[in-house]
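Encoded as structure tokens, the structure appears first; notes follow it.
The values are calculated or read from the model by the stated rules, or taken from the named source; none is laboratory data. Every value quoted in this text rests on a predicted model; they were computed, and no experiment measured them. Using ideal geometry, Cβ is built from the backbone for each residue, glycine included, and neighbour counts are taken over all protein chains shown. Quick note on the areas: whole protein, heavy atoms, side chains included, nothing else; ligands and nucleic acids left out. Shrake-Rupley method; radii C 1.70, N 1.55, O 1.52, S 1.80 Å.
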Amino acid sequence: MQNPQRIICLSNVHDQQYHELRGEEISRCLSSPKRRDLFRCLELATGREVIVLSSPPKAAIRRRGKWLPPMATRFSTHRQFFCANWDAPKLRILASWPLYALHVLRHTQSGDIVLIDNYELIYVLAAYFTNFFRRVTFVLEYEDGKHLIDRSWNALFSRTAEWMGRRLIRAAILAHPELGKRLPASVPTVLVPGFVPESDRQKGNFEGGPVHFLYSGSLDSTRGVDLLLETLPLLPPSGWHLHVSGAGILEKLVEKVAHDRRWNANVTFHGSLPGDAYADLIQKCNVGLNCQRASDPISHVTFPSKIFSYLSAGLLVLSSRASNVPEICGDACSYVEEETPASLAAAMRRIIEDYPALSKHARAMEINNKYGFTGTANRLRSLFQIANLL
């Protein structure tokens, strides 16, 4: 009897299930919600089981070398297998390449579709190795092109992976439309920047009190966090509260502002939150903020996934125009006209003064249809059919 065909995802994504098994502190995977939804849509689109193959992430605190044995767990509802690795500074990367390649070969069978999570050298090397022994096809999940603007030595690995990987790819799932220009013209693509449930999860009736704004994500100038802090003196003294969650180079500055006596009644810094705590926070808020700068090169190669987290939770979204957000989200978001503190403050003041009316005009139906699970699964199915993968 022929083995059932699967989708094998080469990705280091992980969730709380792996955290608990690992038994030591590791950095949380911020892309877990999107990958969870993508894998669900892939199963709906193809009828194939999704299996995740990963290399163990490095320890966040421990610096001594440690042998990490292979581990079987689950990512959301999907089977996930971590390979073994020697987790030690300067050695873990070199050790992971051959160990991960053998791991992928061991868990892959002919007829599988292999999904590569971005142009990472560890995945591309494993793909080439597996391609010698298995009859498989490769699809790229092109989440970001940060290596295109990276000037560190890490970019060398990613650029090498892109040069090698382009030859293998039969189809691509894009998070940003500009990324498609990096692929051969013969490779079919589909845009999947994020997910919004089909049901309209707009917030219930507003019962007065302050309007709660939420900024969640990287705390740096690229995402406009400094711009957001400069906006505070231009806001009214009451009627609003700003919640900030995340980590980054501006973390100390955000913490300082949150403890400043001028703002401590209006600003709360939550730091980096685990999934359950973040879910509780987002449900308490009314408006999600995306302040990313269009002038920063990263806006041409990534899409701010926080926007879809906000929309999925029923928040009114106030966004800059960076990363093609208006073209992708349309009227589902409100937009800041200029990347200045004055313009951002004016937009926030309008929401503070008239939130009940604005929230009733949240226009999410079209984006729900396009980026809901059913709509996304249909578009993925069309991609796989065009690429002759089904």
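At 1.4 Å probe size, with the rest of the protein present, what percent of the exposed accessible area of the chain is carbon and sulfur atoms? Please list the in-between numbers first.
Numbers: 9720 of 18220 Å².
Roughly 53 percent of what the probe reaches on the chain is carbon or sulfur.
Using DSSP to call loops (not H, G, I, E or B), can you name the trypsin sites (Lys or Arg not before Pro) in the stretch 318-352 whose Cβ has at most 12 other Cβ atoms within 10 angstrom? If you can, show how the numbers build up before the last one.
Values: sites: Arg321, Arg349, Arg350; in loops: Arg321.
Those that pass, being in a loop and sparsely packed, number zero.
Rounding to the nearest 20 debye, state how big the charge dipole of the stretch 284-390 is about its Cα centre with +1 on each Lys and Arg Cβ and -1 on each Asp and Glu Cβ.
Working: 11 positive and 9 negative charges, 81 e Å.
For the stretch 284-390, the charge dipole is close to 400 debye.
Among all the aspartates and glutamates, which ones have a C-alpha under 17 Å from Lys66's C-alpha, if same-chain residues fewer than 8 places away are not counted?
Of all the aspartates and glutamates, those that pass the test against Lys66 - Cα under 17 Å, at least 8 places apart if same chain - are Glu24, Glu25, Asp87.
Going by amide H atoms built from the backbone, whose H comes under 5 Å of the H on Arg79, apart from near neighbours?
Val52
Got a sec? Which residues in the stretch 296-318 would a label at Arg350 touch, if it sits 7 Å along Cα→Cβ and we count backbone N under 20 Å?
307, 311, 315-318
Once you sort the root eigenvalues of the Cα gyration tensor of the stretch 1-112 as a ≥ b ≥ c, which label holds: rounded (a/c under 1.5), prolate (a/b larger than b/c) or oblate (the other case)? Kindly include the intermediate steps, with their values, before the conclusion.
Numbers: a/c = 2.56, a/b = 1.51, b/c = 1.69.
Judged from the Cα gyration tensor, the stretch 1-112 comes out oblate (a/c at least 1.5, b/c at or above a/b).
Once fully extended, how much extra length lies between Arg166 and Gln16, figured as 0.36 nm per residue of separation less the alpha-carbon to alpha-carbon distance? Display every interim value, and only then the final one.
Working: separation 150, 0.36 × 150 = 54.00 nm, distance 3.30 nm.
Roughly 50.7 nm would be gained on extension.
Out of all DSSP beta bridges with both ends in the chain, state the antiparallel percent to the nearest 5.
Details: 9 of 55 bridges.
The answer is about 15 percent antiparallel.
Under a Cβ-Cβ cut-off of 15 Å, what is the net charge of the residues other than Arg63 that fall near it, where Lys and Arg count +1 and Asp and Glu count -1? Could you put the intermediate results ahead of the total?
Details: positive: Lys58, Arg62, Arg64, Lys66, Lys90, Arg92; negative: Glu24, Glu25, Asp87.
Every neighbour counted, the sum reads +3.
If Lys and Arg each add +1 and Asp and Glu each add -1, what is the summed charge of the other residues whose beta carbon sits under 10 Å from the beta carbon of Ser305? Walk me through the numbers before you get to the answer.
Numbers: positive: Lys34, Lys306; negative: Glu143, Asp144.
Neighbour charge sum, excluding Ser305 itself: 0.
Putting +1 on Lys and Arg Cβ atoms and -1 on Asp and Glu Cβ atoms, find which of Val317, Ile351, Ser295 reaches farthest to the positive end of the dipole of the stretch 286-390.
Toward the positive end, the furthest listed residue is Val317.
Which net charge results for the neighbourhood of Arg293, defined as the other residues with beta-carbon distances under 12 angstrom from its beta-carbon, given Lys and Arg at +1 and Asp and Glu at -1?
Numbers: positive: Arg223, Arg321; negative: Asp220, Asp226, Asp296, Glu338, Glu339.
After counting each charged neighbour, the total is -3.
³J(HN,Hα) across the stretch 105-117 via Karplus (A = 6.51, B = -1.76, C = 1.60, θ = phi - 60°), whole Hz, x for Gly/Pro?
Along the stretch 105-117, the couplings run 4, 5, 9, 10, 10, 4, x, 6, 9, 10, 9, 9, 7 Hz.
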